[in-house]
1. Please determine, by comparing only the residues of the range 144-169 that are assigned to a helix (DSSP H, G or I) and surrounded by 15 or more Cβ atoms within 10 Å (Cβ to Cβ), which one is farthest from the chain's Cα centre (by Cα).
2. Return the pair list, or none, for Cβ contacts closer than 7 Å from residues in the range 158-184 that are under 17 Å from residue 389 (Cα atoms) and free of Cβ contacts under 8 Å to residues at least 40 places away in the same chain to residues that are of a type outside the set (Ser, Thr, Tyr) and open to solvent by less than 40 Å² (accessible area, probe 1.4 Å), at least 6 apart or on different chains.
3. Where in the range 1-113 are there helices (runs of 4 or more DSSP H), lying fully within it, with 3 or more residues that are of a type in the set (Gly, Ala, Ser) and exposed (fewer than 13 other Cβ atoms within 10 Å of the Cβ)?
4. Any residue at all in the range 115-127 that is touching a helix residue (DSSP H, G or I) at 6+ places or on another chain (Cβ under 7 Å), exposed (fewer than 13 other Cβ atoms within 10 Å of the Cβ) and either in contact (Cβ under 8 Å) with a residue 60 or more places away in the chain or aliphatic (A, V, I, L, M) (or both)?
5. Considering only the range 265-288, I want to know if a residue exists there that is farther than 21 Å from residue 169 by Cβ, among the charged types (D, E, K, R) and touching a Gly at 6+ places or on another chain (Cβ under 8 Å).
6. Suppose we keep only residues that are hydrophobic (A, V, I, L, M, F, W, C) and open to solvent by less than 50 Å² (accessible area, probe 1.4 Å) within the range 277-300. Which one would you say is nearest to residue 10 (Cα to Cα)?
7. In the range 128-143, how many are open to solvent by less than 70 Å² (accessible area, probe 1.4 Å), free of Cβ contacts under 8 Å to residues at least 60 places away in the same chain and not hydrophobic (A, V, I, L, M, F, W, C)?
8. Working only within the range 390-403, note down all residues that are open to solvent by 20 Å² or more (accessible area, probe 1.4 Å) and either of a type outside the set (Asp, Glu) or closer than 23 Å to residue 209 by Cα (or both).
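The values are calculated or read from the model by the stated rules, or taken from the named source; none is laboratory data. Predicted, not measured: the structure shown is a model, and the values here were computed from it. No Cβ is skipped: glycine too gets one built from the backbone with ideal geometry, and neighbour counts run over all protein chains shown. Protein only, heavy atoms only, side chains kept; ligands, DNA and RNA dropped before computing areas. Shrake-Rupley method; radii C 1.70, N 1.55, O 1.52, S 1.80 Å.
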Amino acid sequence: MAVVIATYAAHETAKELVFIGLLFCWMFWKHEGAKLFIHILAITICVYMLQEQRVPTVIKAAAYSGELDFAGNYTIDGDSLRGFAELASGQKVYAAYRFKDAEEKAEAQAALPDSKLIVAGAFEAAAEPSHRFSFNMARYLETNGAAAMLTIEKIEAFKAQHTFYAKMLQQRKKLGAHINASFPAELATEAEALLIGEQRGMGIEERQIYQTLGITHLFAISGLHVAIVAGLAYFLLVRLRVRKESALLLLLAMLPLYAIMAGGAPSVLRAVCMVSLVLAGKLANIRLPASCVLLGSFLFFVIWNPYAIYNIGFQLSYGAAFGIIYSRQLLARCRSAFEQGLLITAISQMTLYPILLFHFYEISISAFAVNSLFVPLYTLVILPVNLLALGLTLVFPPAADALFFIYGPGREWIGDGWLGLHRGRTRCGIQGVRRHGWQWASWQAFCCFTVLPKKDSMRGSY
């Protein structure tokens, strides 16, 4: 908590450090020792000084000519290219460019994954929001650590990079092309999202359906995906008679590569970091509590990239993990896997509702029921089938075609079910919660009383 407060204060205003006083009041109430107070104060001061030095200096309006590196953090939408990039000086900017023709766009799409750009353009100040509820570009730049906006007027050349990271990004692009070429068109977009974290092929209508149902997180590679991939890899290595210690070492080497191949989203990095810590502890015969693993990875990412605390994916990823890990005693009382799955979904939803309301001003009432159905479906069926299909397309394509022949109609039926749920959706914002408050409260109470263990079954759990 002290690290988060110090980081937030360094990037906002020193007045936020007053929350450390509240933390000390809580510690005093808990009768903590004087040593812990001194340690927390020292950590707060050190982190604040470190993060304050990393606040970027705003670049004033001026012309620019030189290198620009997107490092994979770009979006090509129609005739526009935009995203966060680094200048030759190491400063981060938000760059935008409009392609002149289709040939230039095709050249950029082919070269960008492993190339820097030599550009000419100009830095500009972010436009002021038209009203308090409109998009605030200046705030967006600030919370992403960008020093300015760069409007690119001309791309003069592409400079190929030969770094390991650039080569991994190129391999990720090739794998995406392989999925699009080998998978049926109706399955390729979902496979790209689940296997390499690429969601650019997803249409606007599809995104709206998933957002309405509250299941967009299923298409973001998360801890569950990483755990399944790591588990399958470990199982295969052991079956191939690889020593367990060697298998763990191979997994520790492979997981960072998988994080790059999967797009490097906050949820992926959190999951890879946590699984790596667990594997390292197992290799060293050290039993690490899940809470310590979660806290260790959280502190690492906040210190490494302080702007992660503003990222909604980071907040949702750690929020859900926090809720589940600190509800282990409650989960242990469940009498069946089905009951435990319902309770995990309920805990995740209730933990994340404040974050969702803060960012989006609305929640999906149907999210609990829909997630209770689709999370097990994706975990036990859809994700493993996509992993198997990818392996077969690489090793034995005829077997992959047979799998698609069987799996395709079933997946189409699931898609039709989504459309049916979407048509009958119940969506609520802040006003909707007020208007339908009793229905919403009744539904949540029903879910909780359904999954919570009965009093008689709790007696033997203490």
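1. Checked the range 144-169; the qualifying residue farthest from the chain's Cα centre (by Cα) is 166.
2. 176/192; 176/196; 176/198; 180/188
3. Of the helices (runs of 4 or more DSSP H) lying wholly inside the range 1-113, those with at least 3 residues that are of a type in the set (Gly, Ala, Ser) and exposed (fewer than 13 other Cβ atoms within 10 Å of the Cβ) span 102-111.
4. Taking the range 115-127 and keeping what is touching a helix residue (DSSP H, G or I) at 6+ places or on another chain (Cβ under 7 Å), we get 126-127.
Filter once more, so that each one left must be exposed (fewer than 13 other Cβ atoms within 10 Å of the Cβ): 127.
Applying the additional criterion that residues be either in contact (Cβ under 8 Å) with a residue 60 or more places away in the chain or aliphatic (A, V, I, L, M) (or both) yields 127.
Yes, some residue in the range 115-127 is touching a helix residue (DSSP H, G or I) at 6+ places or on another chain (Cβ under 7 Å), exposed (fewer than 13 other Cβ atoms within 10 Å of the Cβ) and either in contact (Cβ under 8 Å) with a residue 60 or more places away in the chain or aliphatic (A, V, I, L, M) (or both).
5. yes
6. 298
7. 3
8. Within the range 390-403, 390, 391, 392, 394, 395, 396, 397, 398, 399, 402, 403 qualify.
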